[in-house]
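Structure incoming, see below.
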Amino acid sequence: MTPKHPDIIVTLTGEDGNAFAILGRCRAAARDAGLSDEEIAAFMDEAMAGDYDHLLQTAMRWFEIR
């Protein structure tokens, strides 16, 4: 599966697995890559719409996760 933004790399391996930490890393990577506030808000809304597993799946659909 190719993520929506394969050029945005978010490192999760070896980092804090807390949901808020994951959201923060994804948001920071998206901002650094120049995504619009609206697109970042769409990611955040989608990522927070379910449980922890849904958050991880959403991050993988949007970004290159390592």
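The values are calculated or read from the model by the stated rules, or taken from the named source; none is laboratory data. All values derive from a computational prediction rather than experimental measurement. Positions of Cβ are backbone-derived with ideal geometry, glycine not excepted, and every protein chain shown enters the neighbour counts. Surface accessibility is based on the protein's heavy atoms, side chains included, excluding ligands, DNA and RNA. Shrake-Rupley method; radii C 1.70, N 1.55, O 1.52, S 1.80 Å.
Please compute the modelled spin-label separation between Arg66 and Thr2, points set 7 Å along Cα→Cβ, answer in nm with one decimal.
2.0
Per DSSP H run of at least 4 residues, take -39500 (n - 2.57); add these up for the chain, divide by its residues and hand me the 222 nm value, nearest 500 deg cm²/dmol.
Mean residue ellipticity, 222 nm, calculated: -17000 deg cm²/dmol.
Continuing with the same structure: Leaving out ligands and nucleic acids, and using a 1.4 Å probe, what accessible area per residue does the chain come to in Å²?
Here the per-residue accessible area is 61 Å².
Also, I was wondering about something else. For Asp16 and Met48, compute 0.36 nm times the residue count separating them, minus their Cα-Cα distance, and round to one decimal in nm.
9.8 nm
Any idea of Met48's accessible area? Nearest 10 Å², probe 1.4 Å.
Counting only protein heavy atoms, Met48 exposes about 110 Å² to solvent.
Modelling each spin label as a point 7 Å along the Cα-to-Cβ direction, I'd like the Ile9/Ala28 distance in nm, to one decimal.
1.6
Once Rh for the chain is found with the Kirkwood sum over Cα pairs, what is the Stokes-Einstein diffusion coefficient at 4 °C and 1.567 mPa s, in µm²/s?
Approximately 111 µm²/s, per Stokes-Einstein.
Just to confirm the filter: which GluC sites (Glu not before Pro) across the chain are DSSP coil and have at most 13 other Cβ within 10 angstrom of their Cβ?
Sites meeting the loop and neighbour criteria: Glu15.
Right, something else. Which far-off residues, 5 or more places away or on another chain, put their amide H under 5 Å from the one on Ile8, with H placed in the peptide plane?
Glu64
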